[in-house]
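First the structure, in the form of structure tokens, and then the observations on it.
The values are calculated or read from the model by the stated rules, or taken from the named source; none is laboratory data. Source: prediction; values computed, not measured. In this analysis, Cβ positions are derived from the backbone assuming ideal geometry, glycine residues included, and neighbour counts consider all displayed protein chains. In case anyone asks, the SASA skips ligands and DNA or RNA and just uses the protein heavy atoms, side chains included. Shrake-Rupley method; radii C 1.70, N 1.55, O 1.52, S 1.80 Å.
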Amino acid sequence: MFGSAAVESPWFRRFSPSDSAPSRVVFFPHAGGAASFFVDYATALAPHADVLAVQYPGRQNRFAEPGIDSVAELAECVYRELRAWADRPLTFFGHSLGSAVCFEVARRFARDGVAGPEHLFVSAGRAPSEPRDTEVHLMSDDGLLAEIGRLGGTDERLLADPELRALILPALRADYTAIETYRCAPGDTVPQPITALVGDADDRATIAQARPWAGHTTGGFDLRVFPGGHFYLTEQAPAVLDLLVAHLRGRSGTGR
């Protein structure tokens with residue numbers, strides 16, 4: 001039986017701990033998102049893997065901390081903390097902003113010659129070398145809130161309460177600054193296989209913008225398209241979970 005990592009960290013939430021699981025899945029949230037977005041995913045995957053959900057600073061239990069407005073800095077922080085949890089095989093799943101962060105965390109494992117994730121699932125994220133042509137982080141507070149309301153994926157109660165809005169705005173702006181100023185060269189790769197997931201009606205990360213993820217891996221690439229927009233993974237959770245469970249069963253050799 002495996003044990004949990006020796007050092008608990010504010011960077012990770014474990015909603016359904018599974019100390020006996022043979023592997024770990026690490027979820028990386030979207031801009032404005034929090035670890036709790038993946039509670040249902042963690043519960044569903046608990047029989048197959050121990051699940052960590054990344055908690056960026058500036059939200060929920062980390063409200064008192066300033067947000068981080070750089071993908072590189074976020075990735076470096078997560079990487080340093082995650083090494084203590086790499087006592088069993090890792091699988092990364094990053095949504096939107098999280099897709100860039102998990103890619104950069106994987107690059108840091110490779111940079112230091114440390115065994116990193118076995119597979120990257122990148123969801124609703126433009127390929128790292130694709131142009132970032134939006135400037136949501138420069139909008140007014142009202143404009144920024146309207147944008148996340150349009151995309152969905154954020155609890156509407158947060159957006160309706162003036163005090164809660166004031167609490168989430170700094171981290172939200174930091175997140176959008178991070179992803180909209182992120183730059184990556186076309187030749188920057190990771191050795192892990194990458195599976196890109198995208199909603200067929202997503203205007204923030206289109207199929208055409210997701211397909212170039214193929215150039216950022218030397219380990220193989222697959223593209224999966226689901227019905228829906230930027231937060232397709234809410235309505236399509238059963239199908240996404242089937243994909244993750246098939247991966248986890250495949251890596252353990254148990255079959256479906």
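Tallying residues that are of a type in the set (A, V, I, L, M, F, W, C) and either open to solvent by 20 Å² or more (accessible area, probe 1.4 Å) or assigned to a loop (DSSP other than H, G, I, E, B) (or both) within the range 170-194 yields 3.
Just one of the numbered conditions (1) open to solvent by less than 30 Å² (accessible area, probe 1.4 Å); (2) at pLDDT 95 or above is not true of HIS230: (2). The single condition among (1) within 27 Å of ASP203 (Cβ to Cβ); (2) touching a residue at least 24 places away in the same chain (Cβ under 8 Å); (3) not in a loop (DSSP other than H, G, I, E, B) that ARG126 does not meet is (3). Among the residues of the range 132-147, not a single one is of a type in the set (Ser, Thr, Tyr), at pLDDT 80 or above and open to solvent by less than 50 Å² (accessible area, probe 1.4 Å). Of the residues making up the range 150-167, those that are at pLDDT 70 or above and in contact with a Leu (Cβ under 6 Å, 6 or more places away or on another chain) number 1. ASP202 fails exactly one of the following numbered conditions: (1) out of contact with any Gly (no Cβ under 7 Å at 6 or more places or on another chain); (2) part of a loop (DSSP other than H, G, I, E, B). What is the number of that condition? Here ASP202 meets the rest and fails (1).
For ALA44, the test of being out of contact with any Leu (no Cβ under 8 Å at 6 or more places or on another chain) and small (Gly, Ala, Ser) is failed. Against the condition small (Gly, Ala, Ser), over 18 Å from GLY219 (Cβ atoms) and either open to solvent by 10 Å² or more (accessible area, probe 1.4 Å) or out of contact with any Leu (no Cβ under 6 Å at 6 or more places or on another chain) (or both), how does ALA110 come out, does it pass? No; evaluated as a whole, the condition is false for this residue. Before we move on, is PHE121 in contact with a Ser or Thr (Cβ under 6 Å, 6 or more places away or on another chain) and assigned to a strand (DSSP E or B)? When the stated conditions are applied, PHE121 passes them. When the range 113-131 is filtered for residues that are in contact with an Asp or Glu (Cβ under 9 Å, 6 or more places away or on another chain) and surrounded by 21 or more Cβ atoms within 10 Å (Cβ to Cβ), the ones remaining, listed by number, are ALA124, PRO128. Within the range 32-61, the residues that satisfy the criterion of being open to solvent by 10 Å² or more (accessible area, probe 1.4 Å) and either charged (D, E, K, R) or free of Cβ contacts under 8 Å to residues at least 60 places away in the same chain (or both) are ALA34, SER36, VAL39, ASP40, THR43, ALA46, PRO47, ARG59, GLN60, ASN61.
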